[in-house]
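Written below as C-alpha cells is the structure these notes are about.
Any read-out appearing in this document is the output of simple, stated calculations on the displayed coordinates, not a laboratory observation. Since we're looking at a predicted model, the values are computed, not measured. Please note: Cβ atoms are built from the backbone with ideal geometry, for glycine as well, and neighbour counts cover all protein chains shown.
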Amino acid sequence: MLARHNGSIEISKFDLPNFANLRSALHRILFDESYQRNAENLAKRLEKQPFKPKEMLVRHFEFGAEFGIQPGLDCNIRNMTFAEYFLLDVLAFFATCATVIIVLVYLVLKRVVSVIKSVRSKSKLE
C-alpha cells in the first residue's frame, strides 16, 4: 500500500541479491524527502478516516448476530444456473439472428448472380 501511495519502494525478492538495486532503493528512501512526506500524508489520512476498519468489523458482526441472514443482501449469482450465468440464451438468440442474416445475404447474392448470368447469356445470343 505504501508503494502505491509513493511512501516506499517495492523490491522484488528476486532483486535482493542484486546489490546495486538494493543500494539504489535504500539511498532513495533515506535521502529523498518526498517518500517521507508521502508516508506522513498517508498516515494522517489513515488516522483521520471517518470509519475505522476495526469499528466497522465489530459493527458488522453485531448486526449479523442480532439480525441473522439477510436475503436482501445476498448476491443472487449463487442461485443462477450455468445458462443464466453465462447468458447462453442471449448468445443463442444473437447467433440465430446472425445465421439468418448470413443465409439471407447468401441467397440474395446467389439470386443476383444468376440474374446477371442470365442477362449476359441473353445478350450474347442476340
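Observations
- Length gained when the stretch S114-F19 is fully extended (0.36 nm per residue, less Cα-Cα span): 26.5 nm
- Answer label for semi-axes √(5λ) of the Cα gyration tensor in Å (calculated), chosen among [x] 24, 22, 15; [y] 66, 35, 14; [z] 20, 18, 14: [y]
- Neighbourhood charge, 13 Å Cβ-Cβ cut-off, centred on L104 and excluding it, Lys, Arg +1 and Asp, Glu -1: +2
- Net lengthening on full extension, I77/F61 (0.36 nm per residue, minus Cα-Cα): 3.4 nm
- Using θ = phi - 60° and Karplus 6.51 cos²θ - 1.76 cosθ + 1.60, couplings along the stretch 59-65 (whole Hz; Gly, Pro as x): 5, 5, 5, 5, 4, x, 5
- Separation between Cα centres of the stretch 81-108 and the stretch 3-37, rounded to whole Å: 54 Å
- Farthest towards the positive end of the charge dipole of the chain, among the residues P17, L109, F82, is the Cα of L109, using unit charges on the Cβ of Lys, Arg, Asp and Glu.
- Cut-off of 10 Å, at most 11 other beta carbons, DSSP loop: longest stretch of the chain lacking such chymotrypsin sites (Phe, Trp or Tyr not before Pro): 87-126
- A straight Cα-to-Cα reach below 17 Å connects K48 with the aspartates and glutamates E40, residues fewer than 8 places away in its own chain not being considered.
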